[in-house]
Amino acid sequence: MFSIFLAQRETDDSTAYCSGHWISLLPGLLLAIMLGGPIFLFLGVLMFAVKIDSVEYTTSRRWSTKYYLSKHPEPFDIAKMNERCKGLGGYLVEINSRGEQRTVKILMFYSGAKGKIVYTGLTDLGQEGRFYYYHSKKPMAGAYWRRRQPDNYGGKEHCTQLMHWGLNDIDCHRNARYVCEVPRR
């Protein structure tokens, strides 16, 4: 049901759980090389993405979230999608910072979802123009929109998708993938 991709901060105490074996990371680098994952450097933070279906991971104490991307597009149903995320211990992704947006975009890029519709938990279904997160009911914090968005094109765009250039409002009646955010407990 879900593909999971990794984002790992460079630390001394990092570990990743992969296919039933604990693998110590020389911070993040060893696993990325062993599994053929691309490696990135953003603002001094080592990040990597590995395209595997069954990877579970933990991050350092400084990072507290996992992201799961659904494998296949399906008809939009925000309650149903959020319930599936809840089954993983999380909720539909709530983009609260540029760093989080960048991490989710990397996940999308290496999963082949770049340029595709990937729903987030942000909606204005309750009141036009007032975007809030479905799970937390909190209003959107920050301006992570694509230029000239949201525009409610045709008067029917009440859901959001994350694209490589930012958030875009979109109608809620398309088949699409979605991202779950799972906080570490």
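The values are calculated or read from the model by the stated rules, or taken from the named source; none is laboratory data. None of the values given here were measured: they were computed from a predicted structure. Every residue, glycine as well, gets a Cβ built from its backbone with ideal geometry; the counts of neighbours run over all protein chains shown.
When segment 137-185 is examined, which residues are found to be aromatic (F, W, Y) and assigned to a loop (DSSP other than H, G, I, E, B)?
Across segment 137-185, the qualifying residues are Y144, W165.
I need the full set of residues from segment 129-165 which are buried (at least 19 other Cβ atoms within 10 Å of the Cβ), over 17 Å from the mean Cα position of the chain (by Cα) and aromatic (F, W, Y), in order please.
F131 - this is the single residue of segment 129-165 that is buried (at least 19 other Cβ atoms within 10 Å of the Cβ), over 17 Å from the mean Cα position of the chain (by Cα) and aromatic (F, W, Y).
If only one of V104, V118, V93, V182 is surrounded by fewer than 19 Cβ atoms within 10 Å (Cβ to Cβ), closer than 26 Å to K66 by Cβ, in the same structural domain as I78 (by TED's automatic domain parsing) and of a type in the set (V, I, T), which one is it?
V182
Out of everything in segment 92-119 that is touching a strand residue (DSSP E or B) at 6+ places or on another chain (Cβ under 6 Å) and not aliphatic (A, V, I, L, M), what residue ends up being farthest from S136 (Cα to Cα)?
Going through the qualifying residues, I end up with S111.
Inside segment 76-114, can you point out the residues that are in a strand (DSSP E or B) and among the hydroxyl-bearing types (S, T, Y)?
Residue satisfying the conditions is Y91 alone.
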